[in-house]
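Enquirer: Can you keep this structure in mind? I'll have questions shortly.
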């Protein structure tokens, strides 16, 4: 019995150490200090963003598209015909899906509240295709052929419909049966189609025009100035676009457009957190900057090892994905959520080992 007590004491101490490690970080304490209010706005809380990548996703030949499912804690990336799924912080891929030698993925999205993963892209004959997979099992559920390459995908907030952007058209697909609901022409080749306003409107990114899907009529635009860069967050409710003078942001919390003056020179990609107070910006492709939108100033800058193509914040705000043309994605922690997930996984593994260890001391119950 003394051996059991000693082992349990060891386990208890180890758990306490793991808990303290996951929750105590001096840089986090410093980063959570509030700055003074600016022009009557709420105090700005400097976010914690890890100085170095906590994970690197590899195995692709082109710039990967990425997405994250908070409900299943699954991270997915796709480049060329390879689609990989991870349950970070585990380094080994949970699934590696081959979408076929003639397919190159250009967009990848999880369907909200499910493990369904959708990839859109181009085939070797210059036509398009949309693949539906179960991210947990890797099983292919459905393939839809399209006459043109698929540039982007955007799931409806309700999870049933899918907006697909091709070279010259926008298509809404009923994912229950794969049937086409409606097809609309794009404003320009550069436009991407997105759901807006709980899925009531279709937004075209080049002109920021809004089309009422139920009334089938144009209702206006979000801005009179065409954007230089546009981003809809993976959370599905955050919209932002750059102009020559600064950045405009619409969030679910605010529901109105807010404009922040900003020096946009050198910004090649960006994403905004869901509260709309700060964002991540790629500067000259070589630096990742955390910028306080109220002041337009960088509160943290991270030097990158190579030229990055894109930066994206996960739907739950726990991670940032920096994608490179070399076929890799660096994952940076935001806040403490990933550390807590890692601690839970460590405790799960530890308790499993503890049960195995104690088994040698425990006599089987009498029948």
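The values are calculated or read from the model by the stated rules, or taken from the named source; none is laboratory data. As the structure is a prediction and not an experimental result, all values here were calculated from the model. All Cβ positions, glycine included, derive from the backbone under ideal geometry; neighbour counts span all protein chains shown.
Enquirer: In the range 126-137, what residues are surrounded by 16 or more Cβ atoms within 10 Å (Cβ to Cβ), more than 25 Å from residue 200 (Cβ to Cβ) and in contact (Cβ under 8 Å) with a residue 24 or more places away in the chain?
Expert: Result: 128, 129, 131, 133, 135, 136.
Enquirer: Still on this structure, I have one more. For the range 174-183, name all the residues that are surrounded by fewer than 16 Cβ atoms within 10 Å (Cβ to Cβ) and either closer than 17 Å to residue 153 by Cβ or not assigned by TED's automatic domain parsing to the domain that holds residue 164 (or both).
Expert: 174, 176, 178, 179, 180, 181, 182, 183
Enquirer: If residue 202 satisfies all but one of (1) outside any loop (DSSP other than H, G, I, E, B); (2) assigned by TED's automatic domain parsing to the domain that holds residue 158; (3) touching a residue at least 40 places away in the same chain (Cβ under 8 Å), what's the number of the condition it fails?
Expert: (3)
Enquirer: Restricting to the range 143-158, name every residue that is loosely packed, with under 14 Cβ neighbours inside 10 Å and at pLDDT below 95.
Expert: Of everything in the range 143-158, just one residue is loosely packed, with under 14 Cβ neighbours inside 10 Å and at pLDDT below 95, namely 158.
Enquirer: Restricting attention to the range 224-235, does a residue exist that is farther than 28 Å from residue 290 by Cβ, over 23 Å from the mean Cα position of the chain (by Cα) and modelled with pLDDT of 95 or more?
Expert: no
Enquirer: Here is a check on your reading of the model: is residue 97 farther than 20 Å from residue 192 by Cβ, surrounded by 15 or more Cβ atoms within 10 Å (Cβ to Cβ), in contact (Cβ under 8 Å) with a residue 24 or more places away in the chain and in the same structural domain as residue 196 (by TED's automatic domain parsing)?
Expert: yes
Enquirer: Using the structure shown, decide if residue 256 is assigned to a strand (DSSP E or B) and either outside the structural domain of residue 321 (by TED's automatic domain parsing) or surrounded by fewer than 15 Cβ atoms within 10 Å (Cβ to Cβ) (or both).
Expert: Spelling it out, it is not the case that residue 256 is assigned to a strand (DSSP E or B) and either outside the structural domain of residue 321 (by TED's automatic domain parsing) or surrounded by fewer than 15 Cβ atoms within 10 Å (Cβ to Cβ) (or both).
Enquirer: Go through the residues of the range 115-124 one by one and say whether even a single one is part of a loop (DSSP other than H, G, I, E, B), within 23 Å of residue 199 (Cα to Cα), in the same structural domain as residue 172 (by TED's automatic domain parsing) and free of Cβ contacts under 8 Å to residues at least 60 places away in the same chain.
Expert: yes
Enquirer: Just wondering, is there one or more residues in the range 170-185 that are out of contact with any strand residue (DSSP E or B) (no Cβ under 8 Å at 6 or more places or on another chain) and under 24 Å from residue 251 (Cα atoms)?
Expert: no
Enquirer: Return the residue satisfying two criteria in turn: it lies in the range 337-350 and is over 15 Å from the mean Cα position of the chain (by Cα) and surrounded by 16 or more Cβ atoms within 10 Å (Cβ to Cβ), and of such residues it is modelled with the lowest pLDDT.
Expert: 346
Enquirer: Working only within the range 100-114, note down all residues that are surrounded by 17 or more Cβ atoms within 10 Å (Cβ to Cβ) and not in a strand (DSSP E or B).
Expert: Hits for the range 100-114 are 111, 112.
Enquirer: Do the conditions hold for residue 211, that is, is it closer than 27 Å to residue 274 by Cα, under 22 Å from the mean Cα position of the chain (by Cα) and either in contact (Cβ under 8 Å) with a residue 24 or more places away in the chain or surrounded by 19 or more Cβ atoms within 10 Å (Cβ to Cβ) (or both)?
Expert: Judged against the criteria, residue 211 is not a match.
Enquirer: Okay, next question. From (1) under 12 Å from the mean Cα position of the chain (by Cα); (2) at pLDDT 95 or above, pick out the condition that doesn't hold for residue 324.
Expert: Failing condition for residue 324: (1).
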